[in-house]
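Take a look at the structure set out below.
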Amino acid sequence: MFFSTRLAPPRAGRVALLGVCLLGLGLGYGAGEAQEGGRLSSEAAVPLGRLSVSSLRPGVGQEVWVEVPYAGPFPADPAWEGVDEERGTLARLITQAPGAVRVGAFGLSTTLQVQPGANRGPLPNPKAPARALPFVSEPCDDPRFPQLSGLWAIGCDGQPLSRAEHILDGEQVSLEGAPVRPGLGGGVLYGAGPGDHGLWRPPSVVSSPEAHRVPEVGIAPPGTDGVTGALSVADALWVFELEGRLRESLRARPAPWMPPAVDGPWVAWVELGEAWLFGEDIYVRHKDWREGAPLVRRAGSQRHVAASEGFVGWIEDAAVCVESLETGERRCVPASPGPSRRLSLWGAVACWEDYGGEDIDVVCSDGLALRRPGHQHNPSRIGPWLLFREGNQTLLAQAEWIVLDDDDLRAAPVGATLADPLALRGARAEGGVRYTVSLPPGEVIVERRVGEDWVLGETIEGGAVVQIEAPHGDAVRLRSAP
Amino acid sequence: MSPHRERLGGQLAALAALALLVAVFTLDPTPAVSPDAILRAARGLAGALIWILAATGLGGAILGSSSLAGALFLGTGVLGLGLFGLAWVGLFSGPALGGVAVAASCGWLLRPKIELPKLDAAGWAVALVCGAPALINALAPPTDTDEIYQHLAIPSQLLHVRGLLGGLLHPDASRPIPVHTLYAAAMSFGGEPAPKLLHLLWAAVGLNHLRGLGDRWLGAPAGGAAALTLLGSYTFARELGLAYNNLPAAWWGLLAVEAAVAGRRKELAAYAGMALACKYTAAPVVVAAYLITWRGLGPRAVPTMAALTAGALAWVAPYWLRNASEGLHPLFPYAGWPEAEGIVFTYNERYGLGRDWASMLLLPWNMVVHAETTSYKFLGQVSPAGLLAIPGMALAAWSRPAARPVLAAAAVAFVGWALGPHWLRYLLPAAPLLGLAVGAAAVALPSWGRAVLVIGGVLGLPASWGPWLGPTAQEAAVVVGATPRETLLKERVPGWGAIEYINKYTESDARVALLFSWPGYYVERPYVLGSVEDHVPARHLLLTQGDAALTTLRDLGVTHAVVGEVRFLKKTYPFLDDERFRREFTEPEAALGELLLKEGTVVFEEGRYAVWRFPDGDR
């Protein structure tokens, strides 16, 4: 099967096929039973990776990308008609009418719910005053540090990352025997291998005696979410519980220098297996899978993977992408990440160095941007907090508010999305929308968008995954309580 | 027991001891020296000895009757130039090198009379004390800056491309390379340690010749004093086990002076030319040798001297012709960087403690008292015995006519050095002459005066041997195979992580540019640029190509760049005005940073070194 030409039944959402070069795989469209949560199935003879789609709820006339990476060896079997190693794996569609549209490739499929309206335009950019954190301002040998690990800003004292400052209460601690090249995440520092071994959970200044030991320092800093760790070694990726004894070795050829990313049962890494043909690719693996699978495997350099709260993000040559690990819904925003040395991810919100202006700035996918004089480097984000470097200082910016739009990957709209000129970004979800977001500790005031105004709502307590209802179906703003 | 049985028993016992020795070192689960290390050393030594024997046979055949040093270094010079010719025509391959070695060794068939050196117990003791650490240096993986960007990088490239590289993309290989061709030949047979062992063997022969020459010319203990003064100097001792070109230039220079004193003019011209081709900083020694020949002859000897000069320059001219044939200045890379006026290869002012009259007059004092091995204050260390011997040298010049030619030659060589950069390494070609001057002083002084020299030399040992033996001790564990080689490389080679990335993660057809970085010896991919002095190649590229610099490299097939962050400091160039410093140093580095941001992707970074990939690199 190569491009299916079946006519769409009545009432089906229709799509215009702009170009399909899905490794020559067929892309079917038509009415189908929407699959719950966009779950995918694979019955294909051709080895495939995950199916990802740029929007599960596109508006009419909106361009949608569908991508299924080929997961088999190269060169591909010539018997697989149309498999094209050169043209990549992307299919591009333009939706033409509201309704359910099933898109698939061989056995992989998902359903788009084409909406009458769509959010357009940029998200608003909140003010974000910044203050210096002198305790963690010492420059590190590795310019990817300092960084946030949970609510701790981790900085250097000479080479080791021994300084930790809590960004809310200002508590400062100096870690004993701190590592030089740790993985940071979930409020911990994990150092892998001889000479760098240990697990620190500030404010405790000593390493946990139960820290998982690995025999090598690895070829990149480890990745961790605070519970699970992953370490890239020459021809494998090791995954382990930070305080466990077992270690799993995945077959991989991870990139050096770029750490793997861990989020709950998921681990993601930058794979060099086909770098000679395609450049770096992104692979993911769920703990229930035997091996990793390609998430992005095509021309271009996909690099600096990060994961947080069910999302995985990475940097491309001219874009920054974030994908829901659950649904495969992927948002790529055009960007000039240049030679950014890492990507920061807080849930579905990515922050990176932007090289598109006159100087280097820090921008985030939710509209927060630090376009200050001089260069801003190395962003690290959690909630409204954004740690970054400027000159010889480490600064902490706090957004006056953060906005959750109904088009956000964390939003679950109830009904159809309708055009509404008064709504933020020109559309809102009929019947309301529910946001699921992980917030740092502290009281947060919810403001809901109603018409052109923001209506003050309840105060909620952060420090957990919270759900926020927006009955009017538009954006909400979250502002730290004074 | 009959004598026959006793002899047989002795032989059997010795055989058993040998078998035990082999068993201990091969079967010990944690051997003191790993079998691999022994094999590596043995192969290296064999590779070096092949060229020692070949050169000596060749030199002996040419000279008929000679000292070991005379034959060895003449043969070495001839082979160095001959191998350059082989490389020029693109025939620098294993079989061709084997043919050259065999052909040169045929010189032994002519049964040359070669005077082998004799060494007394004290000489053996000194050889053991100084030879052991030098041997460790020679067997250790190369980490010295000049070795990994030039002295071993050029031989490695010669073997890789089987011919010559050079020009703006490989400026180091545009230098005269007589010893580098021999290092390549030794490396071809004996692997990595062979060039360094070859250099060490040259040094052993050269030092012993210096000792004998000193005693012969000036009387004992002049030779011993000369050799010990050199060995007691960090700048000399640390180069023993490295593959450099300063000491070979020194031995050729010494032989030129010896030939001048003895009136052997053809040998003078040959050795002088070889010294000059080996290192241009040997020029003062060559001038001294020619002045010795010219003394008392007056203007009527001008044609003779001109002919001798032409004879010497004939050993250097091939390298000039080669540069000229490639459209380069004959003296490139030392001069003639095209389209970039103002590029200076070496700033003399950068070294030492000043160049005004007072500083010049105080130079002998300053270079002993204020020298530092880790700063531009002479960038080295020499034995204080030389400074203490100055009054004795004056006495010898006044009281011992036989010492005058040596002292005059030493003075000329020293003044010549003083006119150039005050970098003690550049004084090495003159070191044997200066050592002989110390020897002359030792002979002239009364015994308690000699004791002062000895005390001075001994007291100076910690300052000279400390910086040498400290790192050597660290190398020992690697040499015997107890510590992995990578441990040392990671610690000492700047940007080792970036080089490892290139070797492990780029495709075999990747082409690398070394920008503000230099460990070319370890790059297992074809590479361009690298660094000589003040990072001239990268700065020249950026100054002449401007915004097109990286495009130019990419057009040349460069897929990756290893980029170092130098952060030039104005305080290390106090003699430059701000504008010039900015234009020549900080601006090119900043421009590279901007270009990389626009055109490259950083794929690895460690410390100050990063690997950047250009579009289509690795695709």
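The values are calculated or read from the model by the stated rules, or taken from the named source; none is laboratory data. All values reported here derive from a predicted model rather than from experimental measurement. Glycine gets a Cβ as well: all are built from the backbone with ideal geometry, and neighbour counts include every protein chain shown.
Annotations
- Residue satisfying all of: in segment A:134-149; away from every other protein chain (no Cβ under 14 Å) and assigned to a loop (DSSP other than H, G, I, E, B); nearest to A:P203 (Cα to Cα) among these: A:P146
- Residues that are assigned to a helix (DSSP H, G or I) and buried (at least 23 other Cβ atoms within 10 Å of the Cβ) within segment B:506-523 comprise B:G520, B:Y521, listed in sequence order.
- Taken over segment B:574-619, the residue count meeting the criterion of being surrounded by fewer than 18 Cβ atoms within 10 Å (Cβ to Cβ), of a type outside the set (A, V, I, L, M) and away from chain A (no Cβ under 11 Å) is 10.
- Scanning segment A:110-124 finds no residues that are within 14 Å of another protein chain (Cβ to nearest Cβ) and either within 21 Å of the chain's Cα centre (by Cα) or among the β-branched types (V, I, T) (or both).
- Considering (1) within 14 Å of chain B (Cβ to nearest Cβ); (2) out of contact with any Lys or Arg (no Cβ under 8 Å at 6 or more places or on another chain); (3) free of Cβ contacts under 8 Å to residues at least 40 places away in the same chain; (4) not polar (S, T, N, Q), the lone condition that A:H166 does not fulfil carries the number (1).
- Tally of residues being within 13 Å of chain B (Cβ to nearest Cβ) and farther than 24 Å from A:G186 by Cβ across segment A:288-316: 6
- All positions within segment B:279-308 that are in contact with a helix residue (DSSP H, G or I) (Cβ under 7 Å, 6 or more places away or on another chain), in a helix (DSSP H, G or I) and in contact (Cβ under 8 Å) with a residue 40 or more places away in the chain: B:T281, B:A282, B:A283, B:P284, B:V285, B:V287, B:A288, B:A289, B:L291, B:I292, B:L308
- Of all residues in segment B:229-249, exactly one satisfies the criterion of being touching a Lys or Arg at 6+ places or on another chain (Cβ under 9 Å), part of a helix (DSSP H, G or I) and among the hydrophobic types (A, V, I, L, M, F, W, C), namely B:A249.
- Of note, B:W423 does not satisfy the criterion of being without any contact (Cβ under 8 Å) to a residue 24 or more places away in the chain and aromatic (F, W, Y).
- Flag if B:Y271 is surrounded by fewer than 24 Cβ atoms within 10 Å (Cβ to Cβ), of a type in the set (F, W, Y) and at pLDDT 95 or above: no
- Scope segment A:256-287; condition more than 14 Å from every other protein chain (Cβ to nearest Cβ) and either loosely packed, with under 15 Cβ neighbours inside 10 Å or assigned to a loop (DSSP other than H, G, I, E, B) (or both); matching residues: A:P260, A:G264, A:P265, A:H286, A:K287
- Verdict on A:G462 being within 23 Å of A:L151 (Cβ to Cβ), among the small types (G, A, S) and either surrounded by fewer than 16 Cβ atoms within 10 Å (Cβ to Cβ) or touching a residue at least 12 places away in the same chain (Cβ under 8 Å) (or both): yes
- Whichever residue in segment A:319-377 is of a type in the set (S, T, N, Q) and assigned to a loop (DSSP other than H, G, I, E, B) and, among such residues, is farthest from the other protein chains (Cβ to nearest Cβ): A:T327
- Taken over segment B:499-511, the criterion of being in contact (Cβ under 8 Å) with a residue 60 or more places away in the chain and closer than 15 Å to B:I148 by Cα is satisfied by B:I499 alone.
- Residues in segment B:250-276 that are without any contact (Cβ under 8 Å) to a residue 12 or more places away in the chain and either assigned to a helix (DSSP H, G or I) or closer than 25 Å to B:S383 by Cβ (or both): 1 in all.
- Restricting attention to segment B:190-217, the residues that are more than 13 Å from B:P432 (Cβ to Cβ) and in contact (Cβ under 8 Å) with a residue 12 or more places away in the chain total 13.
- Members of segment A:197-255 found to be within 23 Å of A:G177 (Cβ to Cβ), more than 14 Å from every other protein chain (Cβ to nearest Cβ), in contact with a Phe, Trp or Tyr (Cβ under 8 Å, 6 or more places away or on another chain) and in a loop (DSSP other than H, G, I, E, B), listed by number: A:P202, A:V206, A:S208, A:A211, A:H212, A:V214, A:P222, A:L242
- Checking each residue in segment B:159-180 for being surrounded by fewer than 24 Cβ atoms within 10 Å (Cβ to Cβ) and not in a loop (DSSP other than H, G, I, E, B) picks out B:L159, B:H160, B:V161, B:A173.
- Residue in segment A:150-168 that is in a strand (DSSP E or B) and among the polar types (S, T, N, Q) present: no
- Of the residues making up segment B:335-365, just one is surrounded by 15 or more Cβ atoms within 10 Å (Cβ to Cβ), out of contact with any helix residue (DSSP H, G or I) (no Cβ under 7 Å at 6 or more places or on another chain) and under 20 Å from B:L388 (Cβ atoms), namely B:L362.
- The one condition in (1) buried (at least 24 other Cβ atoms within 10 Å of the Cβ); (2) in a strand (DSSP E or B) that A:R434 fails to fulfil: (1)
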